[in-house]
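Working notes, structure below.
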Amino acid sequence: MSQLKEIAATIRNYIKSGIESLNEDRTKNIFKKLGIAVVPEIRLESIENIHGAAQTVGYPVVLKGIAKQMLHKTEAGMVELGITNEVRLKEAAQNMKSRAGEGFEAFLVQPMIQGRREFTAGMFKDMQFGPVIMFGVGGVLTEALKDMVFRLAPLSEADLDDMLGNLKANALLGSFRGEAAVNRPELKSVLRGLSDLAMACPGIREIDINPLIITPDGSPVAVDGLMILEKTESCDACVHQKIDFKALYSTFYPKTIAFVGASALPGKWGHLLPTNAYAGGFKGEIFLINPKGGTIMGRHVYKTIGEIEGDVDLAVLTVPAGRVMDLIPVLKKKHVKGMVLITSGFREVGDQGRQLEDEIMAAARKAGILVIGPNTMGLCNPHASLYVSGANALPLPGSTALVSQSGNLGTQLLAFAEQQGIGIRVFVGSGNEAMITIEDYMQALEPDELTRTVVLYIESVKDGRRFFESAAQLSKNKPVVVLKGGRTQVGERAASSHTGAMASDAGVFNAACTQAGIIQVEQPMELLDMSTVFSSLPMPKGGRVAIMTLGGGWGVVTTDLCSEYGLGVPQLSREIIERLNKRLPSFWSHCNPVDIVGERDPEIPMICLEELLKWDGCDAVIHLGIHGRRILFNAMAKAVLKTDPGITRETADIFMAGYIKEEDDYTRYIVEMTHKYNKPVIGVSLLTDERSRTLYPYDDLDYKGVFFPSPERAVKALAGMVRYRNWLDSTKN
């Protein structure tokens, strides 16, 4: 700690002196104080004694030239490797001095460090997320391969293990072509040192170590280094305005709602929102406000909110942007706690809209009003029969909290949740997040007992570091699932070091999500897929999957998908094979996946499922094609009715009723076995009809039956659960 304080004081002095970057020898002096091994070297300011220096370190040598304004020596021709004699040494030195001109400072003479493996390590300050540590393949291949891992500082021991494990070329960390495996504690010490330095010295903008050579005995040695400095200034405007979470909670449980801007025209926001509120069965009072008065939907309309007797808890505004400011004093008099500002025309339209938005937020804060939006699609809380959103969707009460920066995408997910019977805890379209940000919602949902899973659609974050810290804290108690819009756009970054230039906005965001335990998905439907399994099934203890199928092809496809998404498909034990032999024909697969070869006996899949769940060699079961067979049988029954006059409709209906009962019994049995063995069971029904659902709940059972229409969705959902389990386990170590 004392070393860090000393280094921090040195950095501050450099910045006060106007120094914007530290050359190689100054940077490596700091590395040495951190305990990072660096290449030995001799510094010379003239050519006169350069041969003697080379003899001291021992030929072959590396010669480097240091010059002002030359941050990258290799590109500037200021590095010469493998020099073996005095003539070549002096010739190289003279060339470097000529290139540097008046900016020349010194030569560095270093021994050639032996080692076949070169890595790179560094730090840069991201505008959103703060200090970020990087580790990757180094040397001349850095830019070409782009094999690197990012994590936000400060780094925990789990973060360090994760960085090394997630490098694509992590095989280079083992023994390699006669050289020893990398000394992992020493390598971790390098990355930890960069992390500690970044946290202790906010004046460092970037650090670059490239290459970090691994010697034949496995030791990492920094043979080059660079630091970029910057003046740091406090920003009062950047300090987040704290939200009253109790007031936010009460906004989702209003007793009275005023729709300001109510309309008699169906399809307009002023008609759609109160329509949904009435249709949803809101138990409190609803007031319609329109300057014209009269009636709308057969209900009395107030000309102003001031005409309402008593207080109003929640105001929903659909009036033009220019009229919102004048309403703040009136809302204050009615003791409005929350405002849902549906209206657009604020910061999303330019500077003038931004200014108006800021002025309204300042006035609302002063009036003690929490503002959701503006430019929002509304909110809903099924647990309070509160449906005030732009979708004619009334999802069931449940445990999935959905926050979306895209109101349109969010409301479509609401409609799908209603269709599939997926319960929703709350939904909010966060809009412009002028007052309440996505980080605030995460913090508010953490202590909420009704929330089991938090699902987010994000296009941008206002405060990356706060987003990371809020998500990391929330993930310790509840899974957080995120879909990031614009994830393929590479952020352009003005960077002086290789480390900074190699990063992208998407890369840093992905690193923050991984580090915070967030489960990232790629498609909107995966948001609800993940919420479905997290809210309906027990957490797996590991990633070993048993697969049961009616046909071999489905099992092969599912096995391949498991491999692609990091799940294991272990071989069956001899004991379980012997038990299955007693119930299955001799030509069953005798391996995992378990192909039960289209057996018609309804008890066979039940018996096989329980045998697999009993097996301590698996953590979850995926079963395919067993549920949904009724659709094929129904088609067969229709064909028989057309072709066989001896079969009546009554007979066919009895026939189908039997298949439906068998399927219902099987579905319930699955949930009972899920409870009994506390392992997730996920089904795949490739054929669907009007009876098909994602979820099959039972009032007397906590878990639910879960079925997806494709093996890929089933595997990806399970893989997300396993990633979250692994993250939870890593935080406990």
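The values are calculated or read from the model by the stated rules, or taken from the named source; none is laboratory data. If you're wondering where the values come from, they're calculated on a predicted model, not measured in any experiment. Note: ideal-geometry Cβ built from the backbone for every residue, glycine included; neighbour counts use all protein chains shown. What goes into the accessible areas is simple: the full protein's heavy atoms, side chains included, and nothing from ligands, DNA or RNA. Shrake-Rupley method; radii C 1.70, N 1.55, O 1.52, S 1.80 Å.
Return the aspartates and glutamates within reach of K541: Cα separation strictly under 16 angstrom, same-chain partners fewer than 8 residues apart disregarded; answer none if there are no such residues.
D616, D619, D729
Helix 603-614: angle to the longest alpha-carbon principal axis of the chain, degrees 0 to 90, nearest 10?
Helix 603-614 sits roughly 40 degrees off the main axis of the chain.
Skip the ligands, DNA and RNA, and give the accessible area per residue of the chain with a 1.4 Å probe, whole Å².
Working: 32270 Å² over 733 residues.
Averaged over the residues of the chain, the accessible area is 44 Å².
Can you run phi through the Karplus equation (6.51, -1.76, 1.60; θ = phi - 60°) for the stretch 396-408 and list ³J(HN,Hα) in whole Hz, with x for Gly and Pro?
Each residue's phi maps through the Karplus curve to give 5, x, x, 10, 9, 8, 10, 10, 10, 6, 9, x, 5 Hz.
Expressed as a whole percentage, what fraction of the accessible surface of the stretch 80-216 belongs to carbon and sulfur atoms when a 1.4 Å probe is rolled over the protein heavy atoms? Don't jump to the answer; show the numbers that get you there.
Numbers: 2950 of 5750 Å².
Reported share for carbon and sulfur atoms: 51 percent.
Under 19 Å from a point 7 Å along the Cα-to-Cβ line of A169: which residues of the stretch 200-229 have their amide N that close?
From the stretch 200-229, the list is 208-225.
Calculate the FRET efficiency for Q55 and R99 from the Cβ-Cβ distance with a Förster distance of 22 Å, rounded to the nearest 0.05.
That pair, Q55 with R99, gives E of 0.30.
Per DSSP helix of 4 or more residues, -39500 (n - 2.57); summed, then divided by the residues of the chain. What does that give at 222 nm, rounded to the nearest 500? Please list the in-between numbers first.
Numbers: 23 runs with 286 residues, N = 733.
Calculated from helices alone, the mean residue ellipticity at 222 nm is -12000 deg cm²/dmol.
When the Cα atoms of the stretch 299-380 are enclosed in a convex hull and the volume is divided per residue, what value in Å³ results?
On the way: hull volume 7.9 nm³, N = 82.
Once divided by residue count, the hull of the stretch 299-380 is 96 Å³.
With the crude spin-label approximation of a point 7 Å out along Cα→Cβ, what separation in nm comes out for K5 versus N581?
It works out to 7.3 nm between the two label points.
By how many degrees, 0 to 90 and rounded to 10, does the Cα axis of helix 2-16 deviate from the longest principal axis of the chain?
Its long axis makes an angle of about 80 degrees.
Kirkwood hydrodynamic radius of the chain from all distinct Cα pairs, in Å?
Numbers: mean 1/r = 0.0333 Å⁻¹.
Here the Kirkwood hydrodynamic radius works out to 30.0 Å.
Averaging sequence separations of C-alpha pairs under 8 Å and six or more residues apart, then dividing by the length of the chain, give the relative contact order as a whole percent. Display every interim value, and only then the final one.
Values: 1448 pairs, mean separation 64.6, N = 733.
Rounded, it is 9 percent for the chain.
Can you work out the FRET efficiency for the pair L396 and R88, with r the C-beta to C-beta distance and R0 = 56 Å, to the nearest 0.05? Kindly include the intermediate steps, with their values, before the conclusion.
Details: r = 79 Å, r/R0 = 1.41.
According to the calculation, E is roughly 0.10.
When the chain is fully extended, how far beyond the present Cα-Cα distance does R574 get from R365, taking 0.36 nm per residue of separation? Before the final figure, lay out each step's value.
Numbers: separation 209, 0.36 × 209 = 75.24 nm, distance 6.82 nm.
Roughly 68.4 nm would be gained on extension.
If we count every other residue with Cβ under 13 angstrom of Q114's Cβ, Lys/Arg +1 and Asp/Glu -1, where does the sum land? Mind dumping the intermediate values first?
On the way: positive: R116, R117, R177; negative: E118, E179, D217.
Local charge sum for Q114: 0.
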